[in-house]
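Here is the structure we will look at, set down as structure tokens.
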Amino acid sequence: MRPTSPRPVFLTRGLAVTAALALAALTACGGSSTGAAGGTATAPGQSGFNPPAMEAAKSLGSGEGQVNLIAWAGYAEDGSNDPKVDWVHPFEKATGCKVNTKVAGTSDEMVNLMKTGEYDAVSASGDASLRLIASGTAAPVNTDLIPNYKDVFDGLKLKPWNSVKGVAYGVPHGRGANLLMWRTDAVTPAPDSWGVVFDPASPHKGKVTAYDSPIYIADAALYLMSAKPELGIKNPYALDDKQFQAAVDLLKQQRQIIGEYWSDYTKEIQAFKGGDTVVGTTWQVIANLAKAEKAPVEVTLPKEGATGWSDTWMIAAKAKNPNCAYKWLDWIISPTANAQVAEWFGEAPANAKACAKTSDASFCDTFHATDEEYFSKVHFWTTPIAQCLDGRTDVTCKDYSEWTRAWTEIKG
């Protein structure tokens, strides 16, 4: 079934992270963080991660009249792409805050733009959020000032990519899993394991695809968690020297059977439709679009689980329009707006009440929005840092600058 949105225009997240930015995020750590938050849970492995000290807002005043956003394409629609797709103008009418949106194509671009001090809020992916927190660019948020936060799925609150030591640094926008897709006329029996994309003797050599980003190293690490338990990998984003090398070696081996890496969803759809690709990673919205174009494909969440993504709306520490920024955070996770953006973008909404507002009654079932057991198998993108995110303190883990260098080497 074709999703409500025919334009998942976001699908080039461009997760490459430069060494300088990743290192800057780590060296910026210092002090302690304070601020209101909706709980006291401590994310695993964050005991040594101390962002600059700052407090969340304690109260809100009148709106400043505008808010400057950095967003993925499709996250702040104002009707210009489709007159029927507009949650920006209703926000402006309700709050008096005019929305000025800068669409960013990569996480690196978002981080750089936020550091200019010209923007109030950003829809950061998990590979950028910790960098924004560590550098003091993003502020803690007081979720008591965001009424709709209470209805966000518990599975998205106070996670390693959107909080530090029980302090929230934003509101969850939505979530999705990186799935395994295959052509049913070429791959039999139906695969249930990521082993099908890592088998060096694969009968599908040259027709395997993988996501083109350093973050894909986590997919290899996830597979190794069960394929080679002796490595002791507990978190695919927390890899010591030995674990990291095993993942890199696996990906270099996989490179021999890869036909092409993908980052453009339209190219992946056409590759599967034409048969140039028969198996590899994908997203649910891509599978829906491929089926709509009559490609004989199916998807599954493999038995090993999967990596995934959950974006977070964060507020700039030096926001010039913080009141309007808070109003935007509350609006974008309100049931109606969150349902609209989820359908347009192609993801599970963050607000549990959004499922009753989608135009497609089966949308939340398709995207597993309420299925916490399903998402418990998804390891969401999180910025790898030197302080191991799995809680280990006796080793140093590879940070994302090293992931980036390794990815370049893997691809040759």
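The values are calculated or read from the model by the stated rules, or taken from the named source; none is laboratory data. Treat the numbers as computed from the prediction; the structure is a model and nothing was measured. Don't worry about glycine lacking a Cβ; one is built from the backbone with ideal geometry, like all the others, and counts go over all protein chains shown. We work out accessible area using only protein heavy atoms, side chains counted, and drop any ligands, DNA or RNA first. Shrake-Rupley method; radii C 1.70, N 1.55, O 1.52, S 1.80 Å.
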Note to self: Just to check your reading of the model, which residue among 102, 58 is part of a loop (DSSP other than H, G, I, E, B), basic (Lys, Arg) and open to solvent by 40 Å² or more (accessible area, probe 1.4 Å)?
What the structure shows: 58
Note to self: Would you confirm whether or not segment 252-272 contains a residue that is closer than 22 Å to residue 399 by Cα and at pLDDT 95 or above?
What the structure shows: yes
Notebook entry, point to check: Which pairs do you get when a residue that is closer than 20 Å to residue 373 by Cα, found in segment 155-170, comes within reach of a residue that is among the charged types (D, E, K, R), reach meaning Cβ atoms under 6 angstrom, with the pair 6+ apart or on two chains?
Noted result: 155/372
Next item on the list: Output the residue which, of all residues in segment 193-213 that are part of a strand (DSSP E or B) and of a type in the set (A, V, I, L, M, F, W, C), is farthest from residue 278 (Cα to Cα).
Entry: 210
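Return yes when residue 192 is in the same structural domain as residue 287 (by TED's automatic domain parsing) and either open to solvent by 30 Å² or more (accessible area, probe 1.4 Å) or touching a helix residue (DSSP H, G or I) at 6+ places or on another chain (Cβ under 8 Å) (or both) and no when it is not.
Spelling it out, residue 192 is indeed in the same structural domain as residue 287 (by TED's automatic domain parsing) and either open to solvent by 30 Å² or more (accessible area, probe 1.4 Å) or touching a helix residue (DSSP H, G or I) at 6+ places or on another chain (Cβ under 8 Å) (or both).
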Next item on the list: List every residue pair whose Cβ atoms lie under 7 Å apart, where the two residues are 6 or more positions apart in sequence or sit on different chains, the first residue falls within segment 389-409 and is of a type in the set (Asp, Glu), and the second residue, located anywhere, is open to solvent by less than 40 Å² (accessible area, probe 1.4 Å) and not in a helix (DSSP H, G or I).
Entry: 390/45; 390/235; 390/238; 399/384; 399/385; 399/386
Notebook entry, point to check: Can you name every residue in segment 68-95 that is assigned to a loop (DSSP other than H, G, I, E, B) and either under 20 Å from residue 170 (Cα atoms) or open to solvent by less than 50 Å² (accessible area, probe 1.4 Å) (or both)?
Noted result: 72, 73, 74, 75, 76, 77, 79, 82, 85, 87
Item checked: Residue count for segment 214-253, restricted to those that are over 21 Å from the mean Cα position of the chain (by Cα), of a type in the set (D, E, K, R) and in a helix (DSSP H, G or I) -> 5
Checklist line | strands (runs of 3 or more DSSP E) contained entirely in segment 254-349, each with at least 3 residues that are open to solvent by less than 10 Å² (accessible area, probe 1.4 Å) and closer than 30 Å to residue 142 by Cβ | finding: 306-316
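Here is a yes/no grid of residues against (1) at pLDDT 90 or above; (2) farther than 22 Å from residue 282 by Cβ; (3) surrounded by fewer than 18 Cβ atoms within 10 Å (Cβ to Cβ):
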site	(1), (2), (3)
377	yes, no, yes
381	yes, no, no
384	yes, yes, no
389	yes, yes, no
393	yes, yes, yes
396	yes, yes, yes
404	yes, yes, no
410	yes, no, no
Notebook entry, point to check: Within the set of pairs 6 or more residues apart or between chains, which connect a residue that is over 16 Å from residue 57 (Cβ atoms) inside segment 323-336 to a residue that is crowded, with 22+ Cβ neighbours inside 10 Å and β-branched (Val, Ile, Thr) with Cβ atoms less than 6 Å apart?
Noted result: 333/171
Checklist line | Failed condition for residue 174, given (1) open to solvent by less than 50 Å² (accessible area, probe 1.4 Å); (2) touching a residue at least 40 places away in the same chain (Cβ under 8 Å); (3) outside any strand (DSSP E or B) | finding: (3)
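Kindly indicate the residue of segment 353-369 that is open to solvent by 50 Å² or more (accessible area, probe 1.4 Å) and assigned to a helix (DSSP H, G or I) and also nearest to residue 84 (Cα to Cα) among those meeting that condition.
Restricting to residues being open to solvent by 50 Å² or more (accessible area, probe 1.4 Å) and assigned to a helix (DSSP H, G or I), the top hit is 356.
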